[in-house]
Every structure is written in C-alpha cells, then in structure tokens.
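Asks: This is the structure I have questions about; it appears just below.
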Amino acid sequence: MTTAVLVAGASGDLGGRVVRELLRHDTTVRVLTRQAGAVAPGLAEQDRVEVVVAAYDEPAALRRAMQDVDVVVSAISGTRSVIVDAQRALLAAAVDAGVQRFIPSDYAADYRSVTPGTNRNFELRREFAAAVDAAPLRATSVLNGAFADMLTGQAPLVLFDRQRVLFWSSPDQVLDFTTKDDVAWVTAQVALDPDAPRVVEVAGDRVTSRSIADTMSRLTGTPFRLQWAGTAGTLSAMARVGRRLSRPSDEPFPAWQGMQYFVSMFSGEAELHHVANDRYGAHPWTTVEDVLAAHLGVLPAR
C-alpha cells in the first residue's frame, strides 16, 4: 500500500535527503514550501513528488496541503519561530486534516533529560514535544546524537591543523554521532512504520574524544593528542556569558549554542541510552572514522 507523506523543510539539507530516501519506497511525497521554486529541481521534477505552497500562518492552506496524507515529516530548522510556532501550526493542521502520524523536527541528542537553561535548542524541542504529546495523533521523534558531518568543520572538536582533539571534563565520555544521510534513512523508515514508538534512537557511531584521537593518529600517521578545554560546567558558564553578550538573533547555531551542545554531550546528560540501530534491519551505518577519512582523502584504517 502506497504511503502518502508530507515533508516540511524539503528545501533544506536534511529535508531533501529525507525526500530522496522516501522515494526509494512505495510512497507519494508532498513537499510543503512557503514559496514556489524553493524546492531543488531534482526533487520537484520527480513523478511522485507534488509541491504545495502554503505559509505557516495560513491554517486553511496548511489543512488543504495535508488532505489524504498519512504522515507528516517535519525537517524545518530554526529557533522559536520555527521549532515551536511553525511546528505548532503544522501539528494543528495535521490534526484538523485527520493525519494519523507526525514526525517532529528533533534529529538531535536526547534533549529530554538536559538541565533547563543549559541548551536553548533542546528546550525548544522539549517545549514542542509537550504539544505533540497532547495532540490526538501518533508521533515519533528520531534522536541520533550530533550530526557526524559537523566533525569536519562546524563542530570544532578535532583541531586538524594542531593535531589535537578537545574534550571537556572527561576524554572518555561517550559521544553519539550519526551522518545526515543515515538520519534521513531512518526517518524514512519511521515514516513507513505505523507501529513506530514515541522515540527511535539511533547512533551511526559511539565514540569518545580519546578514540577520535586514536582514529586521527591512525588515519594521518601523525600523533593526535588530547587537549583538555575545561569542565562542562565551565563551558556552560562561558556559553551563558556569550549568549548575554550576543545580539538577539534567529540564528540556530551561534557560537554560544555550539558551546551548549558540547555541554550537553560532555556532561553525559544528552547521551542516548536506548539505541536501536537494528530496528529496521541491516544498514551500513557510516562511522566517525568513515567521515574523517573522507574529509582527509584517505581510506579508513579498519
């Protein structure tokens, strides 16, 4: 039976990957966009892709977009106006249209047990999760740790030029990483699974700063050393100062937010505890070593 899926945020990096994964299955995909032409031509021209235009402040248009849809996949990215406000509009329209299932735009570490005030983006997800839990439909959040793709630049954990790998508090704290492609794959599986639980946890790889340093040493033939950068508590205090000194912005990942993410990871609060990589059968998960080797242009050492 063909599954009808509406994807919000398909013009973004992760959303586009989700659409491509969905098209590998017996699906029809309705792509929601706020303006015509925002969807990549390669996706918009697919036979089983329908592009619908509706703004999040147009309830009637959103309801029409969701007619005859089985599941809504949200892959929109932003701060409060997106993660809370826009997703609430999506959720309300889905309920009104009789959609049975909803996948919120979580795609993160386990935000549920993170100390309030220590991670803005996680708090926004937790706030929206309360709205989802109160809605009369089934919801599934995909939790995947951090995006492994960020290790090659956006997340300055590996200092490539200095042959150092940073850590806060402990170099042996377990860190969960999953590539965007693997997150898109599992999201498509969840969209096709009517029995998916409230949360599906996956981790393409589980590493530590110590093991990353060992991996970089093997890949490059040059010793990479651990560098203590302080405690998670110290980093949290620095993030608070950075946030106070920064201008108000809708930027999802200012520098202080990146600090908050490392606090959540190195404190252990956001660690995944119920990883189920085999829920949807065998899958060639991309490891941290794979990501680093590709960035360096070398073959994985294993």
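The values are calculated or read from the model by the stated rules, or taken from the named source; none is laboratory data. All values derive from a computational prediction rather than experimental measurement. Methodologically, a virtual Cβ is constructed for each residue, glycine included, from the backbone with ideal geometry; neighbour enumeration extends over all protein chains shown. Heads up: the accessible areas ignore ligands, DNA and RNA and are worked out on the full protein's heavy atoms, side chains in. Shrake-Rupley method; radii C 1.70, N 1.55, O 1.52, S 1.80 Å.
Asks: What value does the chain have for Rg/Rh, both radii from Cα atoms and Rh as Kirkwood defines it? Present the calculation step by step, with values, prior to reporting the outcome.
Replies: On the way: Rg = 19.7 Å, Rh = 20.1 Å.
In the chain, Rg relative to Rh is 0.98.
Asks: Calculate, for region 84-159, the solvent-accessible area per residue in square angstrom, rolling a 1.4 angstrom probe over the heavy atoms of the protein chains. Walk me through the numbers on the way to the answer.
Replies: Working: 2490 Å² over 76 residues.
Per-residue value: 33 Å².
Asks: Once neighbouring chains are kept in place and the probe is 1.4 Å, which whole percent of the accessible area of the chain is contributed by carbon and sulfur?
Replies: For the chain, the apolar C and S fraction of the accessible surface comes to 51 percent.
Asks: Another question, if that's okay. Please list, in chain and number order, the residues 5+ apart from T231 or on another chain whose amide H is under 5 Å from its amide H, with Hs placed from the backbone.
Replies: S169
Asks: Please quote Rg/Rh for region 142-239 to two decimal places, taking the Kirkwood radius as Rh and restricting both calculations to Cα atoms.
Replies: 1.06
Asks: Now, a different point. Count neighbours as other Cβ atoms within 10 Å of each site's Cβ, and list the trypsin sites (Lys or Arg not before Pro) in region 187-254 that are DSSP loop with at most 11 such neighbours. Kindly include the intermediate steps, with their values, before the conclusion.
Replies: Numbers: sites: R198, R206, R210, R218, R225, R240, R243, R244; in loops: R198.
Sparse-neighbourhood loop trypsin sites (Lys or Arg not before Pro): R198.
Asks: For T179, what residues show an amide H to amide H distance below 5 Å, using hydrogens built from the backbone and excluding near sequence neighbours?
Replies: Under 5 Å from the amide H of T179 lie the amide H atoms of A148, G204, T286, each far enough along the sequence or on another chain.
Asks: Here is a follow-up. Highest GNM mean-square fluctuation, the chain, Cα pairs closer than 10 Å: which of V207, V241, V84?
Replies: Top of the fluctuation ranking is V241.
Asks: Applying the Karplus parametrisation 6.51 cos²θ - 1.76 cosθ + 1.60 with θ = phi - 60° to the phi angles of region 112-122, what ³J(HN,Hα) value in whole Hz is obtained for each residue in order, glycine and proline being reported as x?
Replies: Rounded to whole hertz, the list is 5, 10, 7, 4, x, x, 9, 7, 4, 4, 5.
Asks: One-quarter of the Cα convex hull surface for region 106-187, in nm²?
Replies: Details: hull surface 27.5 nm².
With every direction weighted equally, the projected area is 6.9 nm².
Asks: If eta is 0.692 mPa s and T is 37 °C, what Stokes-Einstein diffusion coefficient results for region 91-140, Kirkwood Rh from Cα pairs, in µm²/s?
Replies: So the translational diffusion coefficient is about 280 µm²/s.
Asks: Applying the Karplus parametrisation 6.51 cos²θ - 1.76 cosθ + 1.60 with θ = phi - 60° to the phi angles of region 192-208, what ³J(HN,Hα) value in whole Hz is obtained for each residue in order, glycine and proline being reported as x?
Replies: Once θ is set to phi - 60°, the couplings for region 192-208 become 8, 10, x, 9, 4, x, 4, 9, 10, 9, 9, 8, x, 7, 10, 10, 10 Hz.
Asks: Read phi for every residue in region 265-274 and hand back ³J(HN,Hα) as whole Hz from Karplus 6.51 cos²θ - 1.76 cosθ + 1.60, θ = phi - 60°, with x for Gly and Pro.
Replies: Each residue of region 265-274 in turn: 6, 7, 6, x, 5, 9, 5, 7, 10, 9 Hz.
Asks: Under the rule of at least 5 residues apart or a separate chain, name every residue whose amide H is placed under 5 Å from the amide H of L226.
Replies: V165
Asks: Can you tell which of P194, P223, G242 lies farthest toward the positive end of the dipole of region 192-246, using +1 and -1 charges on the Cβ of basic and acidic side chains (Lys, Arg; Asp, Glu)?
Replies: Value computed over the given set: G242.
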